[in-house]
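The values are calculated or read from the model by the stated rules, or taken from the named source; none is laboratory data. Everything numeric here is computed off the predicted structure, so don't read it as measured data. Reconstructed Cβ throughout: ideal geometry from the backbone, glycine too, with neighbour counts over all protein chains shown. The accessibility values were calculated without ligands, DNA or RNA, using every heavy atom of the protein model including side chains. Shrake-Rupley method; radii C 1.70, N 1.55, O 1.52, S 1.80 Å.
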Amino acid sequence: MKIAFYDTKPYDKIWFEPLAKEYDYKIKYFDYKLNSDTAVLSKGYDAVCVFVNDTVDKETIDILCENGVKIIALRCAGYNNVDLKAAKGRIKIVRVPAYSPAAVAEHAAALLLTVNRKTHRAYIRTKDSNFNINGLLGVDLKGKTAGIIGTGQIGRMFVDICRGFHMDVVAYDPYPAKDSDIEYVSLDRLFEKSDIISLHCPLTKETHHIINSDSIEKMRDNVIIINTSRGRLIDSAALIDGLKSKKIGGAGLDVYEEESEYFFEDFSNEIIKDDELARLLSFPNVVMTSHQGFFTREAMQAIAMVTIENLWSFDNGKSLENEVCYKQ
Ligand code: NAI
């Protein structure tokens, strides 16, 4: 198989190249993201391999099909960046449904602990020999209520982590886990009851801006919001308003609405033109990471392995257990 690999970072090659050799697959690594401009580069390849911020819209899919590409292998779980309707019956889509739920759940916990105990600020202070602790006051998580939106693989692991901190947990999921003792409540009740809210649902029409000015209004004062799922679950303008009015006590964000412009790239010598991103970065009680929730050794190994196995299954006419299909 010949595979065109888009949006390549140096760490991708470390995990993919040994497997490609083992399977005798040829991978061409492009730095560019896949979109309707760069799709032309796919000519002569059987497959394209893409990540979270590649744009797999109808125009891109049309070009991939014209170029003879037969399968799009997502090296991630989410597929909100793919026009599944445009792909239906023309090109296969496969993904990596769960590579390490622990990686993302643990990162959500890292963000929560950082926002609460302000270790991001303490680190900078002590580096500068400033041992003053004014302004670094946190709360005990023990006894607080965590509201978990989405109790799939990652959400459930985060529930366990919260319980490890002796927090009470409530959750909202239209498809509650039947084999669990999680207390499910309505979304409104979750907003009212929770001291921290963590998002672990996919981005869909229903969940787009699930955190907005109305929902923020219903929340407890000083609520901490954690988002390791997808940026568009939160209306950034409403989040900024909530932070400015001090209704929201802090936010830990691994994803951002318009992240595709910026995340995974070095802008340290540039001017950030996205005013909402710049505003969010300016709050002392916002900790932002650049979509790194998945980034552990175990997850990278699993992502590379499952992606190559997905392609192997296609190549060998086997059933595609990780296929993503358009559902009406
Ligand atoms: P999953 O598919 O196991 O669980 C998702 C859960 O969300 C399911 O229980 C589903 O019923 C629920 N859900 C669906 N619609 C909902 C709604 N309207 N409201 C509330 N819940 C709803 O997915 P998994 O593996 O737990 O991943 C969750 C999300 O985490 C992914 O969709 C992806 O966006 C994000 N993710 C982020 C990563 C990162 O690096 N930051 C890495 C991997 C995933």
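Hey, which of the helices (runs of 4 or more DSSP H) in the stretch 63-132, taking only ones fully inside, have at least 2 residues that are within 16 Å of the ligand (Cβ to nearest atom) and touching a residue at least 24 places away in the same chain (Cβ under 8 Å)?
By residue number, 101-117.
Reported count of residues in the stretch 93-130, each being open to solvent by 40 Å² or more (accessible area, probe 1.4 Å) and under 25 Å from Leu320 (Cα atoms), is 4. Those strands (runs of 3 or more DSSP E) of the stretch 156-255 in which 2 or more residues are away from the ligand (no atom under 12 Å from the Cβ), among the hydroxyl-bearing types (Ser, Thr, Tyr) and in contact with an Asp or Glu (Cβ under 9 Å, 6 or more places away or on another chain) are absent. When the stretch 256-286 is filtered for residues that are within 16 Å of the ligand (Cβ to nearest atom) and more than 21 Å from Asp31 (Cβ to Cβ), the ones remaining, listed by number, are Tyr256, Glu257.
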